[in-house]
Amino acid sequence: MTKVKICGLSRLCDIDYVNELKPEYVGFVFAKSRRQITREHAITLRMSLDPSITVVGVFVDEVPKIAGAYAEDGIIDMIQLHGREDETYIRNLRFQTGCDIIKAFSVQSSEDVKRACESSADYILLDHGAGGTGQSFDWNLIGEVDRPYFLAGGLHPGNVEEAIRKAHPYALDISSGVETEGKKDRQKIETVSYTHLRAHE
């Protein structure tokens, strides 16, 4: 069954929402963005989170030792890279932490998907643009992907069922699509959860 990741949590009530609705993954953003949180804030959120939910830390061109320290200190369980990190960076980070790594790729052509599939990261994430844009790309470009991947970009309660049926991703990565006025919306997260289950009936 396709899994769900709710990214960009920043409030304790966001943690309450996911503790109730149980997505498999949540994302803490440490890269510069309106959803960025500090290390100290992430620790506070993590302490209140259901331990069965996997925490993914989102970074952009961060110093490997800094990104890795979040995993080594138990603040996050996985690392998601959204910058220009190369294969050497990925290898060094995996050696340092031993945790799974997700590498994000912007998809504008089928060649971008092919390049993503060649990554040594444990998972790839196919997205529109730099991420966090709230826009989707042409899912027809994905074609046959022979490895587990996260699908991101423009996902919301109204299109998650189509995304699952059409793109068959390992997981859906949703952020702005479950927000109202820039804040996580419990009702939208709940709708995504139920729609996601319905898509597998």
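The values are calculated or read from the model by the stated rules, or taken from the named source; none is laboratory data. Small disclaimer: the values here were computed from a predicted structure and weren't measured. FYI the Cβ positions are ideal-geometry reconstructions off the backbone, even for glycines, and counts take in every protein chain you see. These accessible areas exclude ligands, DNA and RNA; they are computed on the full protein's heavy atoms, side chains included. Shrake-Rupley method; radii C 1.70, N 1.55, O 1.52, S 1.80 Å.
Structural descriptor for the stretch 3-44: relative contact order 42 percent, calculated from alpha carbon pairs under 8 angstrom and at least 6 residues apart. Counting protein heavy atoms only, the stretch 1-147 has 48 percent of its accessible area on carbon and sulfur, 1.4 angstrom probe.
Give the percent of DSSP beta bridges with both residues in the stretch 56-201 that are antiparallel, rounded to the nearest 5. Around 10 percent of the beta bridges assigned by DSSP in the stretch 56-201 are antiparallel ones.
Average accessible surface for the stretch 1-69: 46 Å² per residue, computed with a 1.4 Å probe over protein heavy atoms with every protein chain in place. Taking every lysine pair in the stretch 34-184 that is 8 or more places apart or spans two chains, those with Cα atoms closer than 30 Å amount to 9. Estimated from the Cβ-Cβ distance and a Förster radius of 30 angstrom, the FRET efficiency linking ASP50 and HIS168 is about 0.65. What the pair-distance distribution of the stretch 1-69 shows, using all Cα-Cα distances binned every 10 Å from zero, is 20, 54, 24, 2 percent. Highest mean packing comes first when the peptides 70-81, 50-61 are listed by Cβ atoms within 10 Å, giving 70-81, 50-61. Hey, of [x] 49, 41, 35; [y] 40, 40, 27; [z] 46, 43, 28, which did the structure itself give for Cα extents along the principal axes in Å when calculated? Evaluating Cα extents along the principal axes in Å on these atoms matches [y].
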